[in-house]
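The values are calculated or read from the model by the stated rules, or taken from the named source; none is laboratory data. On a predicted model such as this, the values are computed, not experimentally measured, just so you know. Note: ideal-geometry Cβ built from the backbone for every residue, glycine included; neighbour counts use all protein chains shown.
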Amino acid sequence: MRYSLLLGGLLLAGSAWAQQPALPGAPQPATTPTAGTVAPVPIVGVDPVLGGRYEVTLQSGSVFTGTLTSLSLDALEFDTQELGHLRVLRTDVKQVRALATGAARTTGLRPSYYDIGNGNRLFFGPTARNLRQGEGVLQDAYVWLVGVNYGITDNISMGGYLSIVPGVDPGNQFIMLTPKVSVPLRENLHAGAGALYIRVPDFDNGNGTGVGLLYGALTWGSADNNLTAGIGYGFAGNGIGSTPTLMLGGQRRVSRRISLVSENYFIANSEAGAGGLYGLKINWKRTNLGLAALYLLSYQRTGVNDSQFFTSYIIPLYVDFSFRFGKPYQRPKQ
């Protein structure tokens, strides 16, 4: 009887001790997830931390670098310089390597920077870069011109604009279409072609005339910092002009929120002239505000003292607001 009581006391004490939390630093017993608990897929290399800079190798062999912005049980999300916002499944990740500060700088990426789009346009003029598949941009220029562009694929986009001038009948509003095709030639070199079609109303019987520009362009650089050269020919009705318009423009991201932009047009005719926009974009993660001054240059003088050059200096005569929507589908580079 005495031994039975002693054995029972030991069993009760052992059961109570097993339920106590382990002391700090003590070895933890192996546990098995209970029913209904999903363990995250382990990542080889390091345990990713939000805000960290990483080099990611996928099972396919693709490699990219970026800042980790979100992680879940089944996926990781990164902001990258070339691919923009990228979501990858944990099962597709082969290895993750943390980048030191110096290594991050050599990639051209900055830890505090976020994706501000794929560099598909300057102010209003297009570059040879395209919207990414599934990415759209809603743009309002001069308040009265509203439009949207959408990436059908990584190489094809389509856009449309409509003027909303108060007091003007819908049939007498301007309509614009902006299709574009873009092809990457190298990592930082893109070729593109497209059109700017404008339906100009006659304001009498609701009819209109089609005018516009057919263009081709080359863009060198990244989404944040790039230089574009292009050539275009105007058309009206069924006729295409013989005098080309040359375009030269660029964008430089000088800080997390500010990009400097210049957009310049030159008509290849000694009796014509040139003009353009210069200013800045204020960037947020999904939106940006463009503010640009205007200049005009005439190739001809009408008098000895007549000025050939006009500028609004720092007064913004062009204002636009853009909102990016959608979640672009990204394929990491092979």
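Under the condition of being under 22 Å from D202 (Cα atoms) and not assigned by TED's automatic domain parsing to the domain that holds Q251, the residues counted in region 129-182 number 0.
Within region 303-322, residues that are in the same structural domain as V143 (by TED's automatic domain parsing) and more than 30 Å from W284 (Cβ to Cβ) sit with their Cβ atoms under 7 Å from residues that are at pLDDT below 90 and in a loop (DSSP other than H, G, I, E, B), at 6+ positions apart or across chains, in these pairs: Q308/R301. Scanning region 229-247 for residues that are more than 20 Å from G273 (Cβ to Cβ), part of a strand (DSSP E or B) and without any contact (Cβ under 8 Å) to a residue 24 or more places away in the chain gives a single hit, G239.
Against the test of being in contact with a helix residue (DSSP H, G or I) (Cβ under 7 Å, 6 or more places away or on another chain) and farther than 21 Å from V261 by Cα, the options P184, P170, P166, P201 yield a single qualifying residue, P201. Total residues in region 255-268 satisfying the condition of being of a type outside the set (F, W, Y) and either under 15 Å from L296 (Cβ atoms) or crowded, with 17+ Cβ neighbours inside 10 Å (or both): the figure is 6.
In region 128-141, is there at least one residue being over 15 Å from the mean Cα position of the chain (by Cα) and over 22 Å from V254 (Cβ atoms)? The answer is yes; a qualifying residue exists.
Of the residues I198, I231, the single one that is in contact with a Pro (Cβ under 6 Å, 6 or more places away or on another chain) and either at pLDDT 90 or above or of a type in the set (V, I, T) (or both) is I231. Close Cβ contacts (under 8 Å, 6 or more residues apart or on different chains) running from residues in region 204-224 that are touching a residue at least 24 places away in the same chain (Cβ under 8 Å) and of a type in the set (V, I, T) to residues that are in a loop (DSSP other than H, G, I, E, B) and surrounded by 18 or more Cβ atoms within 10 Å (Cβ to Cβ) comprise T219/G119; T219/T127; T219/A128; T219/R129.
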